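Below you'll find the structure, written out as structure tokens, and then a few comments.
The values are calculated or read from the model by the stated rules, or taken from the named source; none is laboratory data. Note that this is a predicted model, so its numbers are computed, not measured. Because the Cβ atoms are built from the backbone with ideal geometry, glycine has one as well, and the counts that use them run over all protein chains shown.
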Amino acid sequence: MKGKRYFMPRIQHHPQPTSAIPSRRQGHPACLALKDVAFAYPNGQTVFTDLNLTVEPGEFVAVLGPSGCGKSTLLNLLSGFLQPDRGTIRIQGETVRPEHPSLGYIFQSPQLFPWLSVIDNVRFGLRMDGRLDPAAQLDKARYYLQVVGLAAVAEHFPHQLSGGMRQRVSLARALATEPKLLLADEPFSALDAMTRRHMNEELLRLREQFGQTILFITHDIDEAVFLADRVIVLGRTPDGIDSNHLIDLPYPRRFPDTPRSARFLEYREQLMDRITHVMENTQ
């Protein structure tokens, strides 16, 4: 694909990560597959002309790029809210559509319903799905609140919670439907630095526990390196993917040790170079 590059670390003799990502089993479809995707808005703005991307089951992929490179458009295509002009987007072999049962979402803001209690917010997706009776919905909602450490505030309302707690409720709501693919749109960008670090560690812990495939949009290079198995840099529109960067850092990843490691700093430098290159070519 045009402009696509794979970057391997320059540091040699890396130890293997302590927690391996599940490899794709022969005969099983990728969790997410985009093939020859093209998209332009009605005003004639072309965003993608030939976008190809495969995300394997259990993989954590972060997407970086400067403003205007198509990150939001990509997320809307993956969620089915926008349809490609050409090409295919499939989740576990099925054509993507809005509210696909294999999809979960975490947004920049928690988007909780203020008139619902915490547990009813977590239960909301289960109610809409309609596959469980009310008692089973409540049991599952309580379980995922316990998973994110918020069982004690189940009967509280969103206005009674801190920003970090509200985002954990949003995460519990997304996990409660047990999606195969979790789409995250800069979910921690509005949090203070310490809470953001905690949420990064929490997301990796939950990913290790439940094995979701995650595609994570962020502007933060350090966050992308800390979280991801692979970082994709989007180029200027309509070039699509500029480069792929494999992140071979051991698990568990923890603050402050992981960001201080030589390998972490190496990956950050590589990504900064690529983002700078993209921005210079955009001007």
**Q.** Criterion: closer than 30 Å to Ala193 by Cβ and either modelled with pLDDT of 95 or more or over 19 Å from the mean Cα position of the chain (by Cα) (or both) - qualifying residue of Val169, Val148
**A.** Val169
Q. Regarding Ala135, is this residue assigned to a helix (DSSP H, G or I) and surrounded by fewer than 18 Cβ atoms within 10 Å (Cβ to Cβ)?
A. yes
Q: Among the residues of the range 120-140, count how many are of a type outside the set (D, E, K, R) and within 22 Å of the chain's Cα centre (by Cα).
A: 5
**Q.** Complete set of residues in the range 1-40 that are modelled with pLDDT of 65 or more and either of a type in the set (D, E, K, R) or exposed (fewer than 11 other Cβ atoms within 10 Å of the Cβ) (or both)
**A.** Lys35, Asp36
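Looking only at the range 82-126, how many residues end up being hydrophobic (A, V, I, L, M, F, W, C), touching a strand residue (DSSP E or B) at 6+ places or on another chain (Cβ under 7 Å), in a loop (DSSP other than H, G, I, E, B) and buried (at least 17 other Cβ atoms within 10 Å of the Cβ)?
Residues flagged as hydrophobic (A, V, I, L, M, F, W, C), touching a strand residue (DSSP E or B) at 6+ places or on another chain (Cβ under 7 Å), in a loop (DSSP other than H, G, I, E, B) and buried (at least 17 other Cβ atoms within 10 Å of the Cβ) within the range 82-126 amount to 2.
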**Q.** Condition check for Glu186: within 22 Å of Ser67 (Cβ to Cβ) and touching a Ser or Thr at 6+ places or on another chain (Cβ under 7 Å)
**A.** yes
Q: Quick one: which residue in Phe81, Phe60 is at pLDDT 95 or above and not charged (D, E, K, R)?
A: Phe60
Q. Looking at Leu103, Leu82, Leu77, Leu126, which one is of a type in the set (A, V, I, L, M), farther than 24 Å from Glu186 by Cβ and touching a residue at least 24 places away in the same chain (Cβ under 8 Å)?
A. Leu126
Q. Within the range 62-81, which residues are buried (at least 19 other Cβ atoms within 10 Å of the Cβ) and touching a Ser or Thr at 6+ places or on another chain (Cβ under 8 Å)?
A. Ala62, Val63, Leu64, Cys69, Gly70
